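S.K.: Okay, here's the structure, questions in a sec.
Any read-out appearing in this document is the output of simple, stated calculations on the displayed coordinates, not a laboratory observation. Quick caveat: nothing in here was measured; it's all calculated off a predicted structure. Don't worry about glycine lacking a Cβ; one is built from the backbone with ideal geometry, like all the others, and counts go over all protein chains shown.
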């Protein structure tokens, strides 16, 4: 038990040191809070993390970052935060409870049905003045916190407080808007297309990860674009002049992964007819993206962990120790902390991989981006197939906006490729007769469903997308003659130009 505690203590302290290292290179205040909350959520294996930062101008309003999508009762969380914050500020000491509903420090019945059982609150201090609060919560069925957790939380608070106390950054966070358009243009050139808030938040994370040379863990559903995100991080990093290499653990037999990673010598196993370097050696100085790291076999987890710790490895069948300065970016479609709980992944390995965590939203969570992505793919596949297709009609657009994209961006890309392939050679607009047969039934179901109460996107967003599509079709039908297009839409040409500028509609 003592050994296990010492190992956990070392892992937590290593994590806190890594957090300080990353924050030292962080310039986006909002991303700083996201990074801290994400790391805290994993380090303490809690259900909810809440960081309150006091506005330096008013002293009484807060900005918060909330991490855990499983908890939806934000009103209760707000009430809990207010009460614990008040108690911590008044008493100037940390807070711990494992029976929050019955805690005598608060009015009887105030937090009776809050759904949270355990809580730790640690004050953020700078120059002995409170600047915020780090709050960790665990629900009724979650883990219990201990005095050791409070000690760890206080150490973490002491490390992050100086970074959070950059008052010029705090002021900017409360009053200024980041240049999001610049981000969108910059990353669209790297193949990352979108406009939704979830997507912009993702770009901010990528931007920050590219600036610090640390390991990155990407977690998201299959088809969300983890490899293209890893490429973007590499392209914008200090290693961009060196190689970017990819290893997919899901596509390699377990008994061959060691050879793929570390290489082998001639005769080390059947079929090893010559010495062969591994991908870690080949990627020296660059970036290695390891996809589906959740498929790494248990015996390889130990050997890979040693490489992460020592930066050295030994090819299969060799006694020679080699070193490689390679940046590791890993990805998983399954949350790795769940695998740790199931004893399918070593906890120490998760700590080593999870230096800079980034969660990638599903396409269903960023529905505003569907049509932007669709037109991005239309342009690509039309060029590949020597077709003049530029857009799709409103019926297919409506279908795409309300379809459940279980396969995420990869499924959308395949869908667009199919409809471009089936579109007549001389058509600029794809109509429903170009829909693949396997989608017709789903298309009819969406079309017949006139109630949008269960829609994934709001009515305003849907109408905006339809307006964009109608304008685009009018322009295509008039060969991008704005006067004729405006006349066909029965609107002034000045109004058309305004809407084209507002929706970034331009001739391909």
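S.K.: Roughly what percent of Cα-Cα pairs across segment 298-445 reach past 18 Å?
M.R.: Across segment 298-445, Cα pairs with separations above 18 Å total 68 percent.
S.K.: So, one more: Provide Rg over Rh for the chain; use the alpha carbon set for both Rg and the Kirkwood Rh (inverse mean inverse pair distance).
M.R.: Ratio of gyration radius to Kirkwood radius for the chain: 1.01.
S.K.: Something else about it: Which peptide among 354-366, 269-281, 319-331 comes first, and what is the full order, when sorted by highest mean count of other Cβ atoms within 10 Å?
M.R.: With the highest mean Cβ count within 10 Å placed first, the list reads 354-366, 319-331, 269-281.
S.K.: While we're on this one: Report the extension gain between residue 79 and residue 126 in nm, rounded to one decimal, defined as 0.36 nm multiplied by the number of residues separating them, less their alpha carbon distance.
M.R.: 14.4 nm
S.K.: Quote to one decimal, in nm, the extra length available between residue 189 and residue 447 on full extension: 0.36 nm per residue of separation minus the C-alpha distance between them.
M.R.: Fully extending the segment from residue 189 to residue 447 adds 89.4 nm.
S.K.: Over all distinct Cα pairs, what is the inverse of the mean 1/r for segment 370-416, reported as the Kirkwood hydrodynamic radius in Å?
M.R.: 11.0 Å
S.K.: Let me ask you something else. Taking neighbour Cβ counts within 10 Å as the exposure measure, how do 157, 146 sort from fewest upward?
M.R.: In order of increasing Cβ crowding within 10 Å: 146, 157.
S.K.: Could you line up 46, 114 from fewest to most neighbouring Cβ atoms inside 10 Å?
M.R.: Ascending number of Cβ neighbours within 10 Å: 114, 46.
S.K.: For segment 364-502, compute Rh as the Kirkwood radius over C-alpha pairs and then the Stokes-Einstein diffusion coefficient at 37 °C and 0.692 mPa s; write the answer in µm²/s, rounded to an integer.
M.R.: It comes out at roughly 208 µm²/s.
S.K.: What distance in nm separates the simple spin-label points at residue 197 and residue 481, each placed 7 Å from Cα in the Cβ direction?
M.R.: Each label point lies 7 Å from its Cα, and together they span 4.4 nm.
S.K.: Only bridges with both residues in the chain count here: give the DSSP antiparallel percent, nearest 5.
M.R.: Expressed as a percentage, antiparallel bridges in the chain total about 60.
S.K.: What is the fewest-to-most order of 346, 105 by other Cβ atoms lying within 10 Å of their Cβ?
M.R.: 105, 346
S.K.: For a label point 7 Å from the Cα of residue 246 along Cα→C-beta, name the residues of segment 281-325 whose backbone N is under 19 Å from it.
M.R.: Under cut-off, by backbone N: 281-284, 286-296.
S.K.: Considering the zone a paramagnetic label at residue 272 would reach in this model (a point 7 Å from Cα along the Cα-to-Cβ line), which residues of segment 247-265 have amide N under 20 Å from it?
M.R.: Within reach of a label on residue 272, which here means backbone N under 20 Å from a point 7 Å along Cα→Cβ, segment 247-265 contributes 252-265.
S.K.: If you don't mind, another one. So between residue 438 and residue 21, what do we pick up on full extension, going 0.36 nm a residue minus the alpha carbon distance?
M.R.: My answer for the length gained is 145.0 nm.
S.K.: OK, next. With no solvent and one equal point scatterer placed on each C-alpha of segment 227-266, evaluate the Debye formula and give log10 I(q)/I(0) for q = 0.20, 0.24 Å⁻¹, two decimals.
M.R.: Result of the Debye calculation: -0.73, -0.82.
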